[in-house]
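Every number here is computed from the coordinates shown, using simple stated rules; none is lab data. Owing to the predicted nature of the structure, the values given are computational and were not obtained by experimental measurement. Neighbour counts run over all protein chains shown; Cβ positions are idealised from the backbone, glycine included.
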Amino acid sequence: MTKNIKMTKNIRWMLIFYDMGVYAIAAFLLLAFYAGDDKLSGKGIFEQAVISIICIFAARIIGNIYGQVWRYGGIQCYIRLLFTDFAGFLAYLCLESILPIQHITFGRLLSLVSLNLLGALAIRMVYRYAYKCGNHDTLKGKILLVLFRIFSGMEVGNDKDIQKIKIAIIGAGRVGVGLAEELLNNSEASYTPRCFIDVNKEKVGREIQGIPVWSEDEATLRKLDELEVQEIVFAIPSMDAQKKKELYEYYTEAGYKLKVYDFPTVYAVGGKRHLREFDAEELLFRKPLAVADERTNAYYKNKVVLITGGGGSIGSELCRQLAKMAPKQLIILDIYENGAYDVQQELKIAYGDNLNLQVEIASITNRKAMERVFETYHPQIVINAAAHKHVPLMEHNCIEAIENNIFGTKVVVELCEEYGAERFMMVSTDKAVNPTNVMGATKRMCEMIAQSASTHGKVKYSITRFGNVLGSAGSVIPLFKRQIANGGPVTITDKRIIRYFMTIPEASQLVLQSGAIANNGELFVLDMGKPVKIMDLAENMIRLSGVHGVEIVETGLRPGEKLYEELLVKTEELDKTSNSMIFIERDKALSAEEIDARLDALKKACETGDDLEAKEALRSAVPTFKRPEEVNAGKIIL
């Protein structure tokens with residue numbers, strides 16, 4: 001009883017009035033005006049009208065057709081109207097056949113109900129169209145607003161559209177049209193679409209959802225200004241990187257704020273598109289590299305995998321990627337418990353009991369702790385991602401860098417041999433190539449340790465080398481973001497600096513695939529495309545932020561810093577792999593005796609406690625370790 005009272009209160013009587021008008025037209029045409037063989041008398045017209053009205057409108061009221069807010073209604077509202085009128089038709093058909101009245105043919109009865117339904121659908125569609133497309137800017141929009149106000153009794157205008165951010169959508173495909181529909185159907189949306197910009201000749205010059213589609217040539221800054229467009233939204237996920245860069249530069253220079261309607265480029269979660277700011281990573285305007293394949297997935301399936309440094313930027317992404325490959329057991333080892341805990345909780349939420357996950361807190365330099373880990377789990381695959389990686393800090397902490405990076409790696413290599421691991425995979429860096437800093441030199445020494453072990457050990461070894469990782473701890477993009485948020489200045493060490501970049505997922509997939517295809521002792525490198533000028537990246541990030549007056553200041557090269565990074569020691573000596581983006585550098589491995597001699601010299605230097613002495617010992621151990629001024633002198637960056 002209460003429910004029926006509530007439903008009655010929610011009924012829009014004005015809409016019933018309009019539906020009655022539609023019904024009157026349909027009834028006049030098919031009951032009174034129609035002059036077929038079963039022409040009705042005045043009494044017959046009245047009887048048929050009364051029965052049909054009762055059946056149709058009773059069904060609509062019971063189905064809550066008049067309790068819906070039609071200006072927000074989707075396809076489900078129209079389907080409900082279709083079903084309620086079908087129920088009303090069946091009731092009308094039954095009553096008409098059993099009551100002692102003047103009868104009409106089945107076709108005439110069906111036509112009456114169908115014409116009435118068509119009219120009801122039409123007025124609702126026109127109502128929604130007037131609500132969505134009415135505006136104060138065009139003649140058509142003003143007419144629609146007037147019609148909406150007359151027939152609904154409601155004012156729409158300033159509170160609906162004027163306060164919203166007006167956008168132009170680049171891309172009139174499925175993604176762009178989906179965004180437009182979402183914004184038009186949501187009265188609470190902060191944005192309103194004013195036009196599409198597309199290159200498809202079949203769409204240009206036409207309208208979609210009442211929104212004009214312009215070509216890139218037509219979408220002049222003057223025309224965008226006439227429509228009061230404030231922001232440009234990219235809605236073509238597959239757009240060529242170079243094309244995106246051209247459009248980005250064109251519209252940012254014109255003063256527009258840019259957004260993207262797409263998945264996040266890094267750490268995509270949930271699979272739902274949303275309107276967002278440009279990710280800083282996208283400012284590199286390079287297509288992400290897909291390096292994982294089925295062979296890689298099959299290699300790690302049902303294996304016990306240990307990841308040292310598993311709570312770090314690269315290590316945690318390796319854990320995420322491996323978790324998808326159904327390993328028998330995944331062991332996260334890290335000295336920093338907070339990072340390891342975060343990854344553990346993330347994977348537990350994502351996989352629950354389907355993933356056998358263990359976390360061990362230990363330093364790779366602590367041999368006894370590492371022995372306990374190997375004794376407990378007997379890992380088949382060991383990925384060594386643990387390392388001190390911060391270049392300036394390691395310049396002032398040379399002994400710690402040597403002990404952690406070099407001797408820690410040595411411990412892990414020896415335990416892999418002792419406990420019968422199948423494979424050891426070394427995560428390296430482009431800074432190991434002709435290093436000019438302590439961090440790079442220690443990583444080069446780690447490479448040499450792994451390559452030497454491959455010549456006499458039972459374990460299969462591989463090394464994977466890649467460039468700067470976007471979003472990792474200590475990377476340049478988070479620093480720029482913080483500086484811009486604080487109002488500047490943005491600091492770069494030298495305007496000429498160039499770097500190779502890749503995303504964390506790309507780097508992690510490369511490590512995993514190279515490990516899966518390795519035979520033994522290979523040093524894998526990735527074709528990372530064109531390098532990026534850090535100056536250009538800083539300028540783009542400032543433009544993207546919308547903050548004005550942020551300066552870029554040169555601070556001078558940091559200790560051990562290069563103007564450029566190299567990925568290969570000998571670029572002319574490369575072997576191809578099954579992946580066109582991955583190459584193998586041929587490098588002669590040192591003997592075990594040579595490695596031991598260099599490690600002994602490093603150990604003695606570290607025992608002195610003198611960082612300068614340790615650095616000179618490192619320079620002797622790694623012949624390619626050069627002073628920055630030797631490499632940077634006379635280097636011209638184009």
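Numerical summary
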item: Extension gain (nm, one decimal) between Ser190 and Glu231, 0.36 nm per residue minus Cα-Cα; result: 13.6 nm
item: Under 5 Å, built H, 5+ apart or other chain: amide partners of Thr491; result: Val553
item: For Tyr461, net neighbour charge (Lys/Arg +1, Asp/Glu -1) across residues whose Cβ lies under 12 Å away; result: -1
item: Inter-probe distance in nm under a simple model that places probes 7 Å from Cα toward Cβ, at Ala241 and Glu371; result: 4.8 nm
item: For Thr429, distant residues with modelled amide H under 5 Å away; result: Phe466
item: Residues whose placed amide H lies under 5 Å from that of Tyr191, excluding near-sequence neighbours; result: Ile165
item: Projected label distance in nm at Met14 and Ala254, using a 7 Å step from Cα toward the beta-carbon; result: 3.9 nm
item: Residue-span extension gain [Thr555 to Ala601] - 0.36 nm each, minus C-alpha spacing; result: 13.0 nm
item: Spin-label pair Arg206/Thr220, simplified geometry with 7 Å Cα→Cβ offset, distance in nm; result: 2.6 nm
item: Relative contact order for the range 333-472, counting Cα pairs under 8 Å that sit 6 or more residues apart, in percent; result: 22 percent
item: Environment charge at Ala122 (Cβ cut-off 15 Å; Lys +1, Arg +1, Asp -1, Glu -1); result: 0
